[in-house]
Amino acid sequence: MDNYSNLFIKYLTIERQYSPQTIKAYEEDIKLFREYLDGEQIILDWNKLDPMTVRGWLSNMFDRKLERTTINRKLSSLRSFYQFLLNNEMVRDNPFADIQIKPHNNHLPHYFRQKELNVLFETVYAEDAKLKLRDIALLELLYGTGMRVSEVATLTLSQLDFSRETVHVIGKGGKERFVPLGSYAIKALNVYLDQLRPELMAHFHQVHDYVFINHLGKPVTSTGIEYILKQLMKKTGLSNEIHPHMLRHTFATDLLNNGADLRTVQELLGHTNVSTTQIYTHVSREQLQENYRKYFNRATPEDE
């Protein structure tokens with residue numbers, strides 16, 4: 001990377017204290033943008049880039065059939081990079097500042113129905129596997145707190161407070177929140193931490209404070225957690241694909257369906273803006289409509 005990029009990454013690491021995963025995503029976005037410029041034979045000069053070049057890059061993203069959410073994230077990364085350069089008087093303009101992608105209808109988040117959730121938990125509790133206790137604790141924590149997969153992957157022992165029945169979550173951008181731990185999650189975590197984790201750590205001579213570990217006693221990664229969930233889903237026999245955040249979406253949807261207010265759910269999920277949380281109200285309304293049509297006799301014509 002060039003000096004400007006290195007300074008930006010240093011700023012994200014030291015001043016903003018972003019997670020390694022987030023920083024890696026910024027690095028990758030800047031790197032791919034530079035590769036696009038090289039491919040178009042455009043000489044890299046951060047001071048000479050103009051909106052026309054940026055629009056060409058955007059067209060290239062769409063031509064490659066990238067998801068709109070992915071393109072938006074890359075655009076946001078480069079806009080932030082340029083804003084940093086502008087704030088530090090390294091460039092005169094931000095060519096990304098006024099570039100917007102036309103709004104697109106948001107897809108409702110996928111979540112587990114109650115029967116599906118029951119099958120998932122029944123499967124993990126009936127599992128005959130070496131790491132069964134870890135998988136149970138993982139599932140109970142993800143569903144019981146609504147934590148992001150990345151937050152669970154980086155969770156350390158000191159963040160768990162069983163006496164106060166809370167978990168100290170460190171989210172995006174180092175933002176902190178305290179989330180209650182339910183009885184199922186507490187029991188599952190205690191059993192895992194007492195009976196499985198110490199044995200694996202000792203066997204493989206591992207010394208670290210990360211809560212969740214892999215079969216070698218090393219900290220499990222976000223990708224590792226995603227793999228664990230996919231393997232569990234295969235064992236259930238359910239046809240749906242599992243997304244890493246489905247348990248988080250289910251947590252939020254179940255809270256709203258059972259009467260929790262939007263602000264509470266926002267705090268528990270760690271959303272900066274309540275507008276991000278509001279999408280779950282649409283899911284709740286969808287469930288409401290479905291139940292209405294299913295259980296109310298005069299909701300649908302008799303011949304349906």
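Can you tell me which residue among Lys102, Lys115 is part of a helix (DSSP H, G or I) and at pLDDT below 95?
On the way: Lys102 fails: part of a helix (DSSP H, G or I).
When all the criteria are applied, what remains is Lys115.
Residues in the range 244-256: is at least one of a type in the set (Lys, Arg) and buried (at least 16 other Cβ atoms within 10 Å of the Cβ)?
Within the range 244-256, the subset of a type in the set (Lys, Arg) is 248.
Still in the list and also buried (at least 16 other Cβ atoms within 10 Å of the Cβ): 248.
Within the range 244-256 (the criterion being of a type in the set (Lys, Arg) and buried (at least 16 other Cβ atoms within 10 Å of the Cβ)), the answer is yes, since at least one residue qualifies.
Tell me which of these Ile228 doesn't satisfy, since it passes every other one: (1) assigned by TED's automatic domain parsing to the domain that holds Tyr125; (2) farther than 22 Å from Leu160 by Cβ; (3) of a type in the set (Val, Ile, Thr).
(2)
Tell me whether the range 125-134 contains one or more residues that are touching a residue at least 12 places away in the same chain (Cβ under 8 Å) and hydroxyl-bearing (Ser, Thr, Tyr). Even if it seems obvious, please write down each step before you answer.
Residues of the range 125-134 touching a residue at least 12 places away in the same chain (Cβ under 8 Å): 127, 130-131, 133-134.
The next check asks that each one be hydroxyl-bearing (Ser, Thr, Tyr); those that pass are none.
No - not one qualifying residue is present in the range 125-134.
Which residue is surrounded by the most Cβ atoms within 10 Å (Cβ to Cβ), if the candidates are limited to the range 141-196 and must be acidic (Asp, Glu) and not in a loop (DSSP other than H, G, I, E, B)?
The first filter runs over the range 141-196 and keeps only residues acidic (Asp, Glu), leaving 151, 161, 165, 176, 194.
Filter once more, so that each one left must be not in a loop (DSSP other than H, G, I, E, B): 151, 161, 176, 194.
Values: Glu151: 24, Asp161: 12, Glu176: 10, Asp194: 11.
Across the range 141-196, the extreme among qualifying residues is Glu151.
Answer with yes or no whether Glu67 is surrounded by fewer than 16 Cβ atoms within 10 Å (Cβ to Cβ), of a type in the set (Asp, Glu), within 25 Å of Lys172 (Cα to Cα) and without any contact (Cβ under 8 Å) to a residue 12 or more places away in the chain. Step through it out loud before you land on a result.
On the way: surrounded by fewer than 16 Cβ atoms within 10 Å (Cβ to Cβ): yes; of a type in the set (Asp, Glu): yes; within 25 Å of Lys172 (Cα to Cα): yes; without any contact (Cβ under 8 Å) to a residue 12 or more places away in the chain: yes.
Against the criterion (surrounded by fewer than 16 Cβ atoms within 10 Å (Cβ to Cβ), of a type in the set (Asp, Glu), within 25 Å of Lys172 (Cα to Cα) and without any contact (Cβ under 8 Å) to a residue 12 or more places away in the chain), Glu67 qualifies.
Within the range 202-220, can one find any residue that is assigned by TED's automatic domain parsing to the domain that holds Thr145, part of a helix (DSSP H, G or I) and modelled with pLDDT of 95 or more?
The first filter runs over the range 202-220 and keeps only residues assigned by TED's automatic domain parsing to the domain that holds Thr145, leaving 202-220.
Then keep just the ones that are part of a helix (DSSP H, G or I); that gives 202-203.
This time we only want the ones that are modelled with pLDDT of 95 or more, so: 202-203.
Yes: one or more hits.
Scan the range 193-213 for residues that are more than 14 Å from Thr156 (Cα to Cα) and in contact (Cβ under 8 Å) with a residue 40 or more places away in the chain and jot them down.
Listed by number, the residues that qualify are Gln195, Leu196.
Which of the numbered conditions does Gln41 fail, given that it passes all the others? Conditions: (1) surrounded by 15 or more Cβ atoms within 10 Å (Cβ to Cβ); (2) outside any helix (DSSP H, G or I).
(1)
With the requirement that a residue be in a helix (DSSP H, G or I), surrounded by 14 or more Cβ atoms within 10 Å (Cβ to Cβ) and free of Cβ contacts under 8 Å to residues at least 60 places away in the same chain, what does the range 81-95 give you? Working first, answer last.
Our first condition is that a residue be in a helix (DSSP H, G or I); within the range 81-95, this holds for 81-87.
Remaining after also requiring surrounded by 14 or more Cβ atoms within 10 Å (Cβ to Cβ): 81-86.
Listed by number, the residues that qualify are Tyr82, Gln83, Leu86.
The values are calculated or read from the model by the stated rules, or taken from the named source; none is laboratory data. These figures come from a predicted structure and were not determined experimentally. No Cβ is skipped: glycine too gets one built from the backbone with ideal geometry, and neighbour counts run over all protein chains shown.
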